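K.L.:
Dumping the structure here so I can ask a few things about it.
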Amino acid sequence: MVGVKQCAVAALACALATMPAAAREVVAFQEDVGPGTVVVHTAARQLYFVNGDGTAIRYPVAVGKPGKQWTGAREIDGKYVQPAWSPPREVKRDNPRLPDVIAGGSPHNPMGSAALTLSGGEYAIHGTNRPSSIGSYASYGCIRMYNQDVVDLYSRVSVGTPVYVVR
């Protein structure tokens, strides 16, 4: 029997398939990481999903604003479709008018279509309600993707997938 979560992901993927294609592409990739690994190059504002055959799928992303960037190794510790969002304390301090929770699926929800939470509890790779921010330094440290790209990545990764964020 197909689970409810699988049906939701399939329906979301179908809906997003009708949207214009994002700028993801298969590129040569020679870094020393295993297949299935996610590598984010902050300075280039690119995320790579490593195929293991000398190539990777490259996705454009938005990354942390100056002073909000980070580097290091994490792993995906959760996968969510249309997640609700509660602004972290720092975001709420800077934007006190934000509600305590924005429902999943709301056009005001900055998490977009899907989110992949990262171990350590502070950051996620997620979609966006501001696609014009992709390619910029825009977040408080999260990695933003076009909604159709995060759904594509969501289908390729599992909980436990290694994620490396480098300059």
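K.L.:
Out of the residues in segment 59-82 that are farther than 28 Å from Gly105 by Cβ and of a type outside the set (Gly, Ala, Ser), which is surrounded by the most Cβ atoms within 10 Å (Cβ to Cβ)? Don't jump to the end; show me each part of the working.
P.N.:
Filtering segment 59-82 for residues farther than 28 Å from Gly105 by Cβ gives 66-67, 69-73.
Next, from what is left, pick out any that are of a type outside the set (Gly, Ala, Ser): 66, 69-71.
Details: Pro66: 6, Gln69: 15, Trp70: 13, Thr71: 10.
Among those that are farther than 28 Å from Gly105 by Cβ and of a type outside the set (Gly, Ala, Ser), it is Gln69.
K.L.:
Could I ask something else about it? Quick check: is even one residue across segment 74-87 without any contact (Cβ under 8 Å) to a residue 24 or more places away in the chain and assigned to a loop (DSSP other than H, G, I, E, B)?
P.N.:
Residues of segment 74-87 that are without any contact (Cβ under 8 Å) to a residue 24 or more places away in the chain, as a first pass: 86-87.
So of that shortlist, the ones also assigned to a loop (DSSP other than H, G, I, E, B) come out as 86-87.
Scanning segment 74-87, I find at least one residue that is without any contact (Cβ under 8 Å) to a residue 24 or more places away in the chain and assigned to a loop (DSSP other than H, G, I, E, B), so the answer is yes.
K.L.:
Picking from Gly105, Gly160, Gly135, Gly120, which residue would you name as being at pLDDT below 95, touching a strand residue (DSSP E or B) at 6+ places or on another chain (Cβ under 8 Å), part of a loop (DSSP other than H, G, I, E, B) and not charged (D, E, K, R)? Don't jump to the end; show me each part of the working.
P.N.:
Working: Gly105 fails: touching a strand residue (DSSP E or B) at 6+ places or on another chain (Cβ under 8 Å); Gly160 fails: at pLDDT below 95; Gly135 fails: at pLDDT below 95.
The conditions single out Gly120.
K.L.:
Follow-up question, since we're still on this one. Please work out if Asn129 is farther than 21 Å from Tyr59 by Cα and not in a strand (DSSP E or B).
P.N.:
Details: farther than 21 Å from Tyr59 by Cα: no; not in a strand (DSSP E or B): yes.
Judged against the criteria, Asn129 is not a match.
K.L.:
Here's another thing I want to ask about it. For the subset of segment 119-154 comprising residues that are under 10 Å from the mean Cα position of the chain (by Cα) and of a type in the set (A, V, I, L, M, F, W, C), which member is surrounded by the fewest Cβ atoms within 10 Å (Cβ to Cβ)?
P.N.:
Applying the filter and picking the extreme gives Leu153.
K.L.:
Every residue in segment 23-46 that is under 21 Å from Gly141 (Cα atoms) and either free of Cβ contacts under 8 Å to residues at least 24 places away in the same chain or of a type in the set (Ser, Thr, Tyr) (or both), please.
P.N.:
From segment 23-46, those under 21 Å from Gly141 (Cα atoms) are 37-46; that's our starting set.
Residues satisfying the conditions are Thr37, Thr42, Ala44, Gln46.
K.L.:
Would you check if Gly141 is touching a Gly at 6+ places or on another chain (Cβ under 6 Å), part of a loop (DSSP other than H, G, I, E, B) and over 23 Å from Asn51 (Cβ atoms)?
P.N.:
Numbers: touching a Gly at 6+ places or on another chain (Cβ under 6 Å): yes; part of a loop (DSSP other than H, G, I, E, B): yes; over 23 Å from Asn51 (Cβ atoms): yes.
Yes.
The values are calculated or read from the model by the stated rules, or taken from the named source; none is laboratory data. For clarity, every value in this text was computed on a predicted model and none was experimentally measured. Positions of Cβ are backbone-derived with ideal geometry, glycine not excepted, and every protein chain shown enters the neighbour counts.
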